[in-house]
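Data first, discussion second: the structure below is written as structure tokens.
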Amino acid sequence: MSGSVLVIACGALAREIVELRKANEWSALDVQCLPPELHNRPHLIPQAVQSAVRAQRAHYRHIFVAYGDCGTGGQLDAVLEQEGVERLPGAHCYEAFATPEVFAELSDAEPGTFYLTDFLLRHFERLVTRGLGLDRHPELRAQYFANYRRLVYLAQTDSADARRRARAIAAGMGLEFVYRFTGYGALRSSLAALHERRAQGTVLPWPR
């Protein structure tokens, strides 16, 4: 059985986790990612995560889940409590990157906000335009985004080109554009704490 910690992560966090792992030399963290398309059907996330946990139980003593609640309405937490596994704090990756305090501030200022991260910006055409069928039915754009007033780009990396592309998406959606550089937020701090706990031998084992 491996002495490393397996991080079962949302595919939307894969690149960021791999970059953090490499930059910080967290060699004791292994990563397995689930398809980001699960976010289009969040009711499928708990079962997908549980299946991944159970499939790896024989190989890893310690497993951590890099998901927020992600629209599961508490069902993911119910599964993880049953399996004895911890997860990333917060409701979703937007809150994890921004921190709860900043995200609450943004949400209170304008509830009708569409959020972008680096991942969603890179895959906007696949996950939003094609994923929602807007390439085939552009007339649906007004219906999908009727209640949105602004787009907030929560950036993990500071890139002028990324800002330009995010601004263009906001303009195409007819939304006010807001830029907030967040870095990796709670994703970094959670993984750093996990790695430290593993080094100290205090990562929670499977319940006996």
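Derivation of every value follows stated rules applied to the coordinates shown; laboratory data play no part. What you see is a predicted model, and the numbers here were worked out from it, not measured in a lab. When we count neighbours, we look across all protein chains shown, and the Cβ atoms used for this are built from the backbone with ideal geometry, even at glycine.
Annotations
- Calculated Rg and Dmax of the range 1-115 using C-alpha coordinates, Å: 14.7, 49
- Remark: spin-label model distance V18-L134 equals 2.6 nm, labels positioned 7 Å along the Cα→Cβ axis.
- Length released on extending from E25 to Q75, taking residue separation times 0.36 nm less the Cα-Cα span: 14.7 nm
- DSSP assigns beta bridges within the range 100-181; of those with both partners inside it, close to 0 percent run antiparallel.
- Relative to the Cα centre, the charge distribution of the range 100-181, modelled as +1 at Lys and Arg Cβ and -1 at Asp and Glu Cβ, gives a dipole magnitude of about 360 debye.
- Amide H contacts of R87 (H built 1.01 Å from N, in plane; Pro and chain starts excluded): V65 sit under 5 Å, all sequence-distant by 5 or more or on other chains.
- Inter-label distance, A193 to A55: 2.9 nm, where each label sits 7 Å from its Cα along the C-beta direction.
- If R0 is taken as 25 Å, the Cβ-Cβ distance between T99 and D161 corresponds to a FRET efficiency of 0.50.
- Across the chain, the volume of the C-alpha convex hull divided among the residues equals 120 Å³ per residue.
- Approximate spin-label separation A109-S2, in nm, with each point projected 7 Å along Cα-to-Cβ: 4.0
- Under a 5 Å amide H cut-off, with hydrogens placed 1.01 Å from N, V31 pairs with V7 among residues at least 5 apart or on other chains.
- Mean separation of Cα contacts under 8 Å, 6 or more apart, over the residue count of the range 100-181: relative contact order %: 34
- Computed over the range 100-181, the ratio Rg/Rh where both radii use C-alpha atoms and Rh is Kirkwood: 0.96
- The charge dipole of the chain, taken about the Cα centre with unit charges on the Cβ atoms of Lys, Arg (+1) and Asp, Glu (-1), comes to about 520 debye, rounded to the nearest 20.
- 0 to 90° range, to nearest 10: angle between helix 100-109 axis and the chain longest Cα axis: 20
- Alpha carbon convex hull of the range 65-117, volume per residue in cubic angstrom: 77
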